[in-house]
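Below is one structure, written out as structure tokens; comments come after it.
Since every read-out is calculated from the coordinates, none of them should be taken as a lab result. Predicted, not measured: the structure shown is a model, and the values here were computed from it. Here the Cβ positions follow ideal geometry from the backbone for every residue, glycine too, while neighbour counts run over all protein chains shown.
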Amino acid sequence: MSQKYPDKNKKGNDPFQEMMVSMNDFFNNRPIKGFLQSIDEFFKTPAPFGFSSFPVHVEETDTEHIITAELPGIKKEQLEIEMFDHYVTISINNSEVETKEDSKQHYYKRRASYQKSSRTVSLPHTINPENVKALYENGLLTIIIPAQKGKRIQIEGGE
């Protein structure tokens, strides 16, 4: 029966085996294991200031590129799609202004916040914005970009 990791209890003169045991202990014991888990948790949780990066999926067929973004709770007015050469950028803009006024206690309070999150997708060809279609329904943004065919060039000369 083979083992994935060398046996710690087995003594030998193999320096590679001793190194593997040391590395295994290093990554599987505290404090390193806890540190690595905390880094994983940091990147799994959303940013504390609201929306963070959002999931984007790109699918390529023979005739089109389909970009989908999951944006639950986002209003259509908050979305912006920009195209530059062979890049598509999806942005979410959120601005809030909150005002409180109390004439009895003579105070006025105003709070403004602005949040922006964006994702950029690169495509293998230049995009013609006139042929692009975008649809936003039930928190799912779908962008359909027709694929462009390359031009074949005939090779001359040679044998």
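Considering only the other residues whose Cβ falls under 12 Å of the Cβ of H57, what net charge follows from Lys and Arg at +1 and Asp and Glu at -1? Net of charged neighbours comes to -2. With 20 Å as the limit on Cα-Cα distance, the pairs of K76/K100; K75/K116; K76/K116 that go past it are K76/K100. Going from the residue with the fewest nearby Cβ atoms within 10 Å to the one with the most, K109, K116, K104 rank K104, K109, K116.
Computed over every Cα-Cα pair of region 74-159 and binned at 5 Å starting from 0, the pair-distance distribution P(r) comes out as 3, 10, 16, 13, 11, 9, 8, 7, 6, 5, 4, 3, 2, 1, 1, 1, 1, 0, 0, 0 percent.
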